[in-house]
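The values are calculated or read from the model by the stated rules, or taken from the named source; none is laboratory data. Because the structure is predicted, anything quoted here is derived from the model rather than measured. When we count neighbours, we look across all protein chains shown, and the Cβ atoms used for this are built from the backbone with ideal geometry, even at glycine. Protein only, heavy atoms only, side chains kept; ligands, DNA and RNA dropped before computing areas. Shrake-Rupley method; radii C 1.70, N 1.55, O 1.52, S 1.80 Å.
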Amino acid sequence: MKSATTWSASPMALALNEDNSHFFCWHPREEMSLAGLDTWLDQYVGTQVADLLFCPNGQRSSVPSQVRQTVWDGFDPEQGNDQPFFQGMRDQPFLFPWGARAHMRRWVEHAWLLHRQGIDPYARWFARCRSSRIRPWLSMRMNDVHYVDEPNHPIHDRFWKEHPECRRDPARDAYNGNCLDYGLPEVRTYQLAYVRELIACYDVDGFELDWMRNPFHFKPGTEAAGCVILSDFVGQVRRLLDARQRQVGHPIRLSARVPSRPETALGLGMDAVTWANRRLVDRLVISPFFSTTEFDMPVERWKALLQDTGTTLAAGLEISVRMGAGAHTSAHTLETLRGAGSSLLDRRADQIYLFNFMDNYPAGMMGDAYRRSVPAAAYRRMLGEIGDLDTIACRSRRHVVTSPDVWAPDEKPVSLLPRDCPAGGRAVFRIPAGPAPRELQEGQVRLALEPHETAGQTAWAVEVNGVPCRGIADVRLEPDGAEPVQAFAVPAGALQRGDALVELRHDGPTAKRLIWVELAVSDGEGHWPVAGVEVTSLYPGWGRW
């Protein structure tokens with residue numbers, strides 16, 4: 001049973017998930033020390049981060065384990081990158097201009113180096129969190145399948161390699177089909193053993209079951225039975241935490257990260273509402289899978305379903321913004337994060353939860369120059385703003401039309417964009433716009449087309465909540481030279497709190513494809529930002545890919 005002690009999100013409402021490889025991969029060797037660990041953690045002190053969730057695993061473990069292979073198991077620090085340990089992986093550039101093997105080596109060697117010094121980074125971070133009034137959590141990835149297209153990649157644990165019969169459906173789905181099948185008792189035994197080991201090793205304020213890495217846990221067609229299986233699994237974890245909290249003398253909360261929509265979660269075997277009704281979980285994190293932040297998650301439906309359960313609802317944001325299947329992907333800016341955060345908080349999400357928002361994660365796009373080109377102030381400014389409506393108020397924000405990126409097998413995927421509009425056609429978008437603009441704050445509807453079309457060529461008529469909008473000069477969405485988009489001024493009073501009904505009518509002679517739609521709100525002085533961190537991507541140079 002859940003502890004009788006109640007818990008709710010504090011006014012510092014951000015939660016941030018630190019993954020299993022980031023610190024080791026993206027920080028230099030000289031920071032693999034007690035001082036380096038402390039310095040990294042201290043960047044979160046004094047921000048809105050209330051909860052730091054540390055993930056110690058993918059398939060392998062980044063700390064010593066009796067259940068899983070460590071990430072350095074089989075690695076020889078005296079040999080080069082052509083040693084047998086790395087032979088199962090391609091050395092493609094991808095995110096890593098210096099090569100994937102050199103990048104993997106940083107993770108493996110740095111984790112090994114800390115272990116050789118007798119330093120457990122997670123134990124050190126947990127203690128540092130407590131002294132800094134930040135709540136430390138463990139987050140376990142429940143079905144990670146990175147690089148399953150390389151079956152001998154050193155990222156894979158021995159269990160996954162030696163038991164192909166325990167995978168969902170690799171014949172029909174080469175990627176997600178290689179997730180482990182929780183319908184099999186041996187899979188549940190294997191996973192629960194690592195849960196038990198982590199809970200016994202560390203003193204934390206909370207434990208998270210990350211069911212979104214990856215969200216496919218059962219053979220297609222067995223998800224209904226899977227709901228019962230996962231509910232029992234969550235119950236077992238809750239009992240382990242109950243026993244552990246009696247040992248450490250304080251409550252240990254249980255969180256679960258699940259799909260953004262209740263029906264999708266249920267259709268994938270995650271009966272999250274039952275977990276809440278049974279008082280098994282203290283927090284649910286509704287979240288996309290990977291490719292984009294969902295600006296429009298059904299917070300209201302979740303809150304109604306969770307009523308009277310005492311369960312906190314966190315809204316999970318991803319690092320990227322993508323309109324829909326086949327669309328380009330962009331990095332967040334402060335303005336897009338303010339837009340997503342303000343809307344979700346205004347809809348009564350208890351907390352904003354950040355996934356993949358590591359301090360220098362995209363460095364692989366541009367090499368070591370990243371650390372010299374990005375002030376830490378940009379990262380800390382973001383962490384000091386987007387978790388509270390009061391700190392977002394009067395600042396510019398952007399509400400972007402995006403679509404969910406994960407669906408249950410019995411659902412038909414829907415993508416709002418790109419959208420083809422015939423001559424004389426019309427497109428309607430209901431955009432959750434958060435709090436009503438304050439005095440002097442102005443609104444803009446912005447759209448982009450393929451092929452590209454400027455404001456001088458436009459044949460679009462735009463209305464917001466039934467009020468016509470006037471076309472104005474083009475604006476650039478990103479500071480990296482991307483093509484400008486058309487902008488339309490929203491008359492004063494047309495924007496109210498909550499949803500904005502944006503209607504686009506195409507009066508031109510030929511069909512057009514909409515590839516981007518957003519509603520932007522200016523700052524409290526009616527100005528659109530023109531320089532500095534206000535318009536700079538948190539990850540400059542990432543741009544569109």
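Just a few scattered comments:
- Separation in nanometres of the label points that stand 7 Å from Cα toward Cβ, at Arg133 and Asn152: 5.5
- Among the protein heavy atoms of the chain, carbon and sulfur supply 53% of the accessible surface, probe 1.4 Å, non-protein parts ignored.
- Counting only protein heavy atoms and a 1.4 Å probe, region 288-344 has 24 square angstrom of accessible area per residue.
- Once the Cα-Cα distance is subtracted from the 0.36 nm per residue extended length, the Ala200 to Arg430 segment shows a gain of 78.1 nm.
- Largest accessible area first, the residues Arg101, Arg168, Arg426, Arg158 order themselves as Arg426, Arg158, Arg101, Arg168 under a 1.4 Å probe with ligands, DNA and RNA left out.
- With DNA, RNA and ligands ignored, accessible area of His527 (1.4 Å probe; Å², nearest 10): 100
- In terms of distances greater than 30 angstrom between alpha carbons, the cross-link table entries Lys161/Lys219; Lys219/Lys512; Lys303/Lys512; Lys161/Lys303 yield Lys219/Lys512; Lys303/Lys512; Lys161/Lys303.
- Only protein heavy atoms count here; on that basis, with a 1.4 Å probe, Asp388 has an accessible area of about 40 Å².
- Among (1) 3.16; (2) 0.98; (3) 1.03, the entry derived from the coordinates for Cα Rg over 2.2 N^0.38 Å: (2)
- From its DSSP helices (H runs of at least four residues, each -39,500 (n - 2.57)), the chain gives a residue-normalised ellipticity at 222 nm of -7500 deg cm²/dmol.
- Accessible area in square angstrom per residue, region 182-243, 1.4 angstrom probe: 31
- Among beta bridges that DSSP assigns inside the chain, antiparallel share in %, nearest 5: 55
- Asn176 sits among other residues whose Cβ lies under 9 Å from its own Cβ, and their net charge, with Lys and Arg +1 and Asp and Glu -1, is -1.
- 11 Å beta-carbon shell around Ile352, net charge (K/R +1, D/E -1): -3
- For the set Ile472, Ile286, solvent exposure ranked by accessible area (probe 1.4 Å, protein chains only) runs largest to smallest as Ile472, Ile286.
- His506 - accessible surface, heavy atoms, 1.4 Å probe, Å² rounded to 10: 0
- Rounded to 0.05, the FRET efficiency of the Arg301 and Asn465 pair, given R0 = 22 Å and the Cβ-Cβ distance, is 0.45.
- Computed from the C-beta positions of Asp507 and Thr39, the FRET efficiency with R₀ = 51 Å rounds to 0.30.
- Maximal additional length on extending the Asp91-Leu389 stretch stands at 102.8 nm, based on 0.36 nm per residue less the C-alpha distance.
- Residues Lys303, Lys161, sorted by accessible area with the largest first, give Lys161, Lys303 [1.4 Å probe; ligands and nucleic acids excluded].
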